[in-house]
Structure formats: C-alpha cells, structure tokens
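Comments concern the structure below.
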Amino acid sequence: MKIIVAIDGFAASGKSTIAQDLAEKTGYTHIDSGAMYRAVTLFGMQKGLVTSALNIDSKKLIELLPTINISFDRIPCSYATILNGKNVEKEIRSLEVSNLTPHVAKIAEVRDFLTARLRDLGKDKGIVMEGRDIGTVVFPDAKMKVFVTAPLTLSVERRLEELKQQGNPATYQSVKNDILERDKIDAAWTYPAKDAIRIENGSKPLTDIVQNLLSMFYRIKN
Ligand code: DC
C-alpha cells in the first residue's frame, strides 16, 4: 500500500533536503509544490503581469491560469521544473522570483489552481510532497505529515550558501530580511496540521532526522 507523505515548513527550513532524502530512500516521487508557485510567478513576470509586490495584474493572471502547464523533468540525480515546455529551474530560484512568489501565492484562484494540480499529481499516492499547506489543505488525509522548523540563523546561513552556489552572493542581513518578510506573508497558510510530526532542523544531524522519519514511514505504511 502506498501512502502520501506531506512535508511542510517555512522558507529555508531545510524541508527540501529532508523531502528529497526521504523520497530517495523510500523510492517515492518527490514533488516540490513551491516550485509550482514559483513557476506561476515567473509566468506572470514573463507576461508583464507581475512587476513588483504592489503591481500584480491578478485579474489577467487568473484568466491565463488554464494556459499554464507545469511539469517536472527527472533525470537521474537532478530535478528540473518545466514551464510550458521550457526548463525554468534556474530562473525560478532567483531572488526576484523568491521575493515575488508570496504575493502571487496570496491570490485565492492561484492557490485553488495549484491545489487541484497537486492533488492530481498525488492521486496514485507514493509521493513525498513538500510545501506549506500540503498536510492541511492539499492532502489533509495524508497518512504521514511532517512540519519542519529551523532556527532563523540556520535558515539564513542555508539560504546564503544556496545563493553563493548560484553565483548570487548576498549579505546576511539582506537574506535575513527577505526570509522574515516572506515568512510573514506565508504565515497565513503555513502552519502544522494537528497530526503533524514536528521536526526541529539543526537539533540533530540530518542523517538521524531522516533515519527517524524513515522508521516512522515504515511503521505508518505497514
Ligand atoms: O518552498 P518555497 O520557498 O520554494 O516556496 C516558494 C513560495 O511558494 C513561498 O512564498 C510559499 C509559496 N508556497 C505556497 O504558498 N504553498 C505551497 N504549498 C508551497 C509554496
């Protein structure tokens, strides 16, 4: 019997690493719902409908939602988000997209559109889906739910390292401000389900965290 594993948490909490590792060890498909919110934002930017946090043509964006096709290309050891046939993995990870996405994610129609897509992707179960509202809204009946938190300093350091690797060095203070700003907006839909397992990232080595989750996974599944 296959199950759905929902992994939710705030920006840079480390939920992606945990979700990827767990998916790899269970042989389940990893689905990054944040990538889909980012792809819709990028689509809006490309069409000139999302130019700043205060300048979003939500009416037009809502009209165009049915023309957006998002999928994932899974080549061994790598994962790419495809927006209307084009690999946009690098673009959706930019600071600009990161900062604009919470403002697009606020739009109820965008949330409904992506929730329907995510439910469709998970209809056969056997997935580890990460996001903010997977255990509460997208799959409230998921058999295993995890909510990941991390101390702010750790989140900032993780994000700084990611940006450095992408060739976008930033200052500690600017990344801290970005994370706090995004978390403030995302807080409206980012909270643990009542039956979620809480994980404090950084409290233990990552291998131990994943090992514990793996034991839980087999207990729940069997
Ligand atoms: O997990 P992430 O940082 O890649 O998410 C990008 C943005 O998308 C973030 O602002 C929260 C939003 N998001 C959301 O609202 N609901 C989800 N299920 C996943 C992401």
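Table: residues versus (1) of a type in the set (Asp, Glu); (2) modelled with pLDDT of 95 or more; (3) within 20 Å of residue 33 (Cβ to Cβ).
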| site | (1), (2), (3) |
| --- | --- |
| 130 | yes, yes, yes |
| 137 | no, yes, yes |
| 140 | no, yes, yes |
| 166 | no, no, no |
| 174 | no, no, no |
| 183 | yes, no, yes |
| 192 | no, yes, yes |
| task | Please note which strands (runs of 3 or more DSSP E) are completely contained in region 1-89 and include at least 2 residues that are more than 20 Å from residue 124 (Cβ to Cβ) and within 14 Å of the ligand (Cβ to nearest atom). | result | 4-9
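Which residue is nearest to the ligand (Cβ to nearest atom), if the candidates are limited to region 172-210 and must be among the acidic types (Asp, Glu) and in a helix (DSSP H, G or I)?
Among them, the one singled out is 186.
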| query | Does at least one position in region 60-71 carry a residue that is crowded, with 17+ Cβ neighbours inside 10 Å and either under 28 Å from residue 202 (Cα atoms) or of a type in the set (S, T, N, Q) (or both)? | reply | no
| message | Against the conditions (1) under 18 Å from the mean Cα position of the chain (by Cα); (2) loosely packed, with under 14 Cβ neighbours inside 10 Å, where does residue 167 fall short? Just the number, please. | response | (1)
| query | If you take the residues of region 130-154 that are of a type outside the set (A, V, I, L, M) and in a loop (DSSP other than H, G, I, E, B), which of them is nearest to residue 220 (Cα to Cα)? | reply | 143
| task | May I ask you to verify whether residue 67 is of a type outside the set (A, V, I, L, M) and closer than 22 Å to residue 12 by Cα? | result | no
| field | Only one of 88, 128, 138 that is aliphatic (A, V, I, L, M) and touching a Phe, Trp or Tyr at 6+ places or on another chain (Cβ under 6 Å) | value | 128
| query | Taking residue 181, is it exposed (fewer than 15 other Cβ atoms within 10 Å of the Cβ) and either under 26 Å from residue 47 (Cα atoms) or among the charged types (D, E, K, R) (or both)? | reply | yes
| request: Take residue 100 and decide whether it is buried (at least 20 other Cβ atoms within 10 Å of the Cβ), within 16 Å of the ligand (Cβ to nearest atom), more than 22 Å from residue 18 (Cβ to Cβ) and at pLDDT 95 or above. | output: yes
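The values are calculated or read from the model by the stated rules, or taken from the named source; none is laboratory data. Owing to the predicted nature of the structure, the values given are computational and were not obtained by experimental measurement. Glycine also receives a Cβ, built like all others from the backbone with ideal geometry; neighbour counts cover every protein chain displayed.
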